[in-house]
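One structure is given here, and the rest of the page talks about it.
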Amino acid sequence: MGTVLTGWPRPAEPGAAARVEERTRAAVLRYLAALNRHDADAVAACVAEGFVSEHTAATGRGVVGRAAYRERLDGFLADFADLKYVMEDLVVRDVRAVLAYSMSFRLVSAGYAPVRVRGVFRLWVDAEGLVARRVDYWDGSDVARQLSAAPKADA
């Protein structure tokens with residue numbers, strides 16, 4: 001199991017900091033691509049064994065551990081039909097990344113209601129190039145507003 005790096009102290013050898021940042025960038029892009037492919041196994045393969053996923057929205061549910069995260073992915077991907085993350089910005093510093101995104105999907109459990117929400121991932125990548133921690137910021141009230149405004153499916 002990899003440990004979360006803090007980025008400090010900085011590596012002494014020439015180019016080491018750039019290699020750490022490239023590893024971080026590659027891990028984040030791999031994770032986002034797996035989500036966009038709706039490939040639960042590939043998404044889980046992008047995270048560390050002790051992965052911590054935290055949601056700041058009241059309706060979000062955090063999880064700890066790759067196995068627990070993988071267990072939830074099938075249901076998440078099934079309920080979020082046509083899930084697509086579009087990267088708006090990516091800032092990488094050492095082992096940390098901040099990725100601003102817009103996410104769109106059709107929520108199956110709400111009659112395929114369309115939703116588009118903007119958010120931010122804060123991500124930490126371990127020495128093995130796996131996402132060790134993710135904090136996800138998005139506006140749950142905006143999602144609720146969109147769902148309540150969506151046309152209701154016939155019962």
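Is it the case that some residue within region 143-153 is within 12 Å of the chain's Cα centre (by Cα), of a type outside the set (Gly, Ala, Ser) and buried (at least 16 other Cβ atoms within 10 Å of the Cβ)? No, the conditions are met nowhere in region 143-153. Just so you know, in region 58-71 the residues that are under 14 Å from the mean Cα position of the chain (by Cα) and modelled with pLDDT under 95 include one that is surrounded by the fewest Cβ atoms within 10 Å (Cβ to Cβ), and it is 61. Checking the structure you have, find out if any residue of region 97-119 is in contact with a Lys or Arg (Cβ under 9 Å, 6 or more places away or on another chain) and over 30 Å from residue 150 (Cα atoms). Yes: one or more hits.
Considering region 31-48, and only residues there that are under 14 Å from residue 121 (Cβ atoms) and of a type in the set (A, V, I, L, M, F, W, C), the residue that is surrounded by the fewest Cβ atoms within 10 Å (Cβ to Cβ) turns out to be 33.
Filtered by the rule that a residue be closer than 17 Å to residue 43 by Cβ and open to solvent by 20 Å² or more (accessible area, probe 1.4 Å), region 87-118 gives a lone residue, 87. Selection over region 15-29 of residues that are surrounded by 17 or more Cβ atoms within 10 Å (Cβ to Cβ) and basic (Lys, Arg) gives a count of 1. Once region 129-142 is narrowed to residues that are out of contact with any strand residue (DSSP E or B) (no Cβ under 7 Å at 6 or more places or on another chain) and within 24 Å of residue 51 (Cβ to Cβ), the residue that is surrounded by the most Cβ atoms within 10 Å (Cβ to Cβ) is 129.
Tallying residues that are touching a helix residue (DSSP H, G or I) at 6+ places or on another chain (Cβ under 7 Å), within 23 Å of residue 92 (Cα to Cα) and not aliphatic (A, V, I, L, M) within region 32-63 yields 4. Within region 69-82, does at least one residue satisfy the condition of being under 17 Å from residue 124 (Cβ atoms) and out of contact with any helix residue (DSSP H, G or I) (no Cβ under 7 Å at 6 or more places or on another chain)? Within region 69-82 (the criterion being under 17 Å from residue 124 (Cβ atoms) and out of contact with any helix residue (DSSP H, G or I) (no Cβ under 7 Å at 6 or more places or on another chain)), the answer is no, since none of the residues qualifies.
The values are calculated or read from the model by the stated rules, or taken from the named source; none is laboratory data. For clarity, every value in this text was computed on a predicted model and none was experimentally measured. When we count neighbours, we look across all protein chains shown, and the Cβ atoms used for this are built from the backbone with ideal geometry, even at glycine. For the accessible areas, the whole protein counts, side chains as well, though only heavy atoms, and no ligand, DNA or RNA atoms are used. Shrake-Rupley method; radii C 1.70, N 1.55, O 1.52, S 1.80 Å.
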